[in-house]
Amino acid sequence: MVNSATGLLAGNDVETPRRALVYLAASQQRDGGFPQNFWLDGTPYWRGIQLDEVAFPVILAWRLWKAEALGEFDPYPMVNAAAAYLVRQGPMTQLTSQENRMEMQTERIFFRGHTDSKLAARLDRPTGEPVSCALFAHCFTCSKDYHAVSRISRALAAQGIAVLRFDFTGLGESEGDFADTNFSSNLDDLLAAARFLGERLGPPELLIGHSLGGSAVLAAARRIPESKAVVTIGAPCDPGHLRPILAGAAPAIETEGEAEVVLAGRQFRIKRQLLDDLREHSLRRFIGDLRKALLILHSPADKIVGIEHAHRIFEAAKHPKSFVAIEGADHLLADRAASDYVASVISAWAAWYIGRIK
């Protein structure tokens, strides 16, 4: 804003820069500082300290004074408070700046899952203090390192949100036998991940799930009381959606109790207990009683989980709820542009709820 106002001042427009200065003075915090980023009504968006953001209004006041364009407005109280703030906080701040937040780092870590087996995870976080923490649940038979999961997590970390993504039991680098897992065990792993993140960095305020991972975060959200917002990406409205897919791929699961199934070009051993467990879960009650902000992202072109699932989730949920179509994307978000778009939408949407709730 100050840069734009200075440009207008150079073009002999003094009224607009003066109004900008008055607005900034009205938005100044009691300690003399300014939020690193804030909404038009002055509500903080990012809460870090960025000293040049505090100095800019002082510079604008000086330029208007030099141009004899202050009119009847007296900027002295604002300038005095801002200068005192700079003296107290400078020359460096321990909190993050926007530039620092645009840098991120990934940490490879392990924690204990529901059976005490070791689960592998990656923590994508900004180089400085995160503004919030998120937990990401990957899709059925996928992993924390699937490119869409990685891209979305890293993009959110670059915006200041620390994201923990992990491999469910028996998948990726995690210990355990995948054949012995089911939707219930996934929920237990998800809750274990939330506890670990809370102890390590801070409780997850944002829950994100892709495909069956989206169903999992919907079911687990009420058991993670610190969470304030939930995002589903291509999620089935009910985990039972998976039963006919698996049974159709290998009828022997029902007759013999287990079978080898090829999913996404990889072979997995599936036991009947998985199908039985899927039958036991109904998400409609969880969705209706969510009591958290909900963002539903789904592609109309999704051939694995049809768009009707997004419609049913939206119908079952109460406000605040939002739906965004990922036009042209496939179920796995194979196109990098699709995952980049999803990350940008999540970042903007979550900031409204998490930023205003803090």
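Computed values, structure above
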{"item": "FRET efficiency, GLU68 to LYS303 (Cβ-Cβ, R0 41 Å, nearest 0.05)", "result": "0.05"}
{"item": "Members of LYS271/LYS303; LYS271/LYS318; LYS144/LYS303; LYS144/LYS228; LYS118/LYS292; LYS144/LYS271 lying beyond 27 Å, as alpha-carbon distances in this model show", "result": "LYS271/LYS318; LYS118/LYS292"}
{"item": "Computed magnitude of the charge dipole of the chain (debye, nearest 20; Cβ of K, R +1, Cβ of D, E -1)", "result": "580"}
{"item": "Dipole of the stretch 2-89 [Lys/Arg +1, Asp/Glu -1 at C-beta], most positive-end residue of SER27, GLN89, MET78", "result": "GLN89"}
{"item": "Rounded if a/c under 1.5, otherwise prolate or oblate - the stretch 249-337, Cα gyration tensor axes", "result": "oblate"}
{"item": "Three-way shape label, the stretch 2-89, alpha-carbon gyration tensor, a/c 1.5", "result": "prolate"}
{"item": "Charge dipole of the chain about the Cα centre (unit charges at C-beta), most positive-ward option of VAL131, ILE307, GLY240", "result": "VAL131"}
{"item": "Linear extension gain, TYR23 paired with GLU327, 0.36 nm per residue minus alpha-carbon span", "result": "105.5 nm"}
{"item": "Sequence ranges 320-329, 286-295, ranked by mean other-Cβ count within 10 angstrom, highest first", "result": "286-295, 320-329"}
{"item": "Cys residues of the chain counted as unpaired, since no other Cys beta-carbon is under 4.7 Å", "result": "CYS133, CYS237"}
{"item": "Three-way shape label, the stretch 172-326, alpha-carbon gyration tensor, a/c 1.5", "result": "oblate"}
{"item": "Span-like helix ranges in the chain, DSSP H, alpha carbon extent 27 angstrom or more, Kyte mean at least 0.0", "result": "336-357"}
{"item": "Mean Cβ neighbour count within 10 Å, used as a protection proxy, ranking 192-198, 297-303, 204-210 highest first", "result": "204-210, 192-198, 297-303"}
{"item": "Taking the chain and dividing mean pair separation by its residue count, relative contact order in percent (alpha carbons under 8 Å, at least six apart)", "result": "13"}
{"item": "Surrounding net charge for ALA316, when Lys and Arg each add one and Asp and Glu each subtract one, Cβ distance under 11 Å", "result": "+2"}
{"item": "Neighbourhood net charge (14 Å Cβ-Cβ; Lys/Arg +1, Asp/Glu -1) for ALA179", "result": "-4"}
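Throughout, read-outs are computed from the coordinates displayed, never taken from laboratory work. Everything numeric here is computed off the predicted structure, so don't read it as measured data. Every residue, glycine among them, receives a Cβ derived from its backbone with ideal geometry; neighbour counts consider all protein chains shown.
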